[in-house]
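> Structure provided below as structure tokens; questions to follow.
The values are calculated or read from the model by the stated rules, or taken from the named source; none is laboratory data. These numbers come from a predicted model, not from an experiment. Cβ placement follows ideal geometry from the backbone for every residue including glycine, while neighbour counts extend to all protein chains displayed.
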């Protein structure tokens with residue numbers, strides 16, 4: 001099976017089937033990135049992400065994986081969509097503003113069990129950047145290097161932000177009852193969050 005870089009080079013050379021194969025390979029992850037944030041616009045945002053990739057495919061230098069590049073585009077598309085929801089003209093600060101302040105999320109409908117439901121609801125109350133960091137870290141198993149690329153920030157900054165996001169999420173979750181006990185260590189918390197958050 002061809003890897004992403006091979007498919008990209010073939011696509012750049014005019015092989016449309018290679019481009020289609022590349023999109024099909026990453027569609028589920030990109031769809032999942034948007035599904036619990038802007039439910040009514042998921043299809044539009046997925047399409048916008050892939051269209052932006054089509055327009056910019058020659059600009060991808062290969063400094064990161066193609067998957068990381070796609071998530072970077074998806075993040076920009078999400079921020080663009082969220083800015084259109086702000087009617088008061090104020091500038092949005094995604095390090096401060098949460099999705100719960102901007103949109104009604106389908107978290108309660110997505111919950112497969114009480115812990116999963118609480119995790120989604122707690123994530124939605126975090127600032128957008130913290131939510132995205134945790135989702136990519138837990139659900140997409142994205143490492144610090146890739147997160148630094150996606151968020152266009154130094155790795156040390158991303159590591160610090162991820163630590164603060166984990167701490168904020170833990171504080172929100174500890175405010176209510178949980179079906180399963182959560183390990184006190186960061187590693188234990190990460191394992192628990194991944195097991196609860198994993199999409200079927």
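> What are the residue pairs meeting all of these: first residue in segment 148-177, first residue under 11 Å from residue 126 (Cα atoms), second residue assigned to a loop (DSSP other than H, G, I, E, B) and modelled with pLDDT of 90 or more, Cβ atoms under 8 Å, and 6 or more apart or on different chains?
As it stands, the answer is 165/126; 168/126; 169/126; 172/125; 172/126, since those pairs meet every condition given.
> Restricting attention to segment 137-155, and to residues there that are at pLDDT 90 or above and part of a loop (DSSP other than H, G, I, E, B), which single residue is farthest from residue 32 (Cα to Cα)?
At the first step, the residues of segment 137-155 found to be at pLDDT 90 or above are 137, 142-155.
Among the residues that remain, those that are also part of a loop (DSSP other than H, G, I, E, B) are: 142-143, 151-154.
Numbers: 142: 14, 143: 18, 151: 18, 152: 21, 153: 23, 154: 26 Å.
Per the criteria, the residue is 154.
> Pull up segment 1-39, narrow it to residues that are part of a loop (DSSP other than H, G, I, E, B) and touching a helix residue (DSSP H, G or I) at 6+ places or on another chain (Cβ under 7 Å), then point me to the one that is surrounded by the most Cβ atoms within 10 Å (Cβ to Cβ).
Start the filter on segment 1-39 by keeping residues that are part of a loop (DSSP other than H, G, I, E, B), which leaves 1-3, 13-15, 36-38.
Next, from what is left, pick out any that are touching a helix residue (DSSP H, G or I) at 6+ places or on another chain (Cβ under 7 Å): 36-38.
Working: 36: 20, 37: 24, 38: 20.
For segment 1-39, the residue satisfying everything is 37.
> Tell me yes or no: at least one residue of segment 40-63 is at pLDDT below 85, in a loop (DSSP other than H, G, I, E, B) and within 28 Å of residue 84 (Cα to Cα).
yes
> For residues in segment 114-146 being more than 14 Å from the chain's Cα centre (by Cα) and buried (at least 20 other Cβ atoms within 10 Å of the Cβ), which is farthest from residue 92 (Cα to Cα)? Show your work before the answer.
Start the filter on segment 114-146 by keeping residues that are more than 14 Å from the chain's Cα centre (by Cα), which leaves 114-119, 121-122, 125, 145.
Imposing the further condition that a residue be buried (at least 20 other Cβ atoms within 10 Å of the Cβ) reduces the set to 115, 118-119, 122.
Numbers: 115: 30, 118: 26, 119: 24, 122: 20 Å.
Going through the qualifying residues, I end up with 115.
> Taking the residues in segment 73-107 that are modelled with pLDDT under 75 and in a helix (DSSP H, G or I) as candidates, determine which candidate is farthest from residue 161 (Cα to Cα).
Within segment 73-107, the subset modelled with pLDDT under 75 is 85-91, 103-107.
Add one more test, that the residue is in a helix (DSSP H, G or I), and what stays is 85, 107.
Working: 85: 25, 107: 23 Å.
The qualifying residue farthest from residue 161 (Cα to Cα) is 85.
> Of the residues in segment 39-68, how many are touching a residue at least 40 places away in the same chain (Cβ under 8 Å) and within 18 Å of residue 142 (Cβ to Cβ)? Lay out the reasoning, then the answer.
Taking segment 39-68 as the starting set, the residues that turn out to be touching a residue at least 40 places away in the same chain (Cβ under 8 Å) are 39, 41, 57-58, 60, 62-68.
Cutting the leftovers down to within 18 Å of residue 142 (Cβ to Cβ) gives us 60, 62-68.
Total satisfying the criteria: 8.
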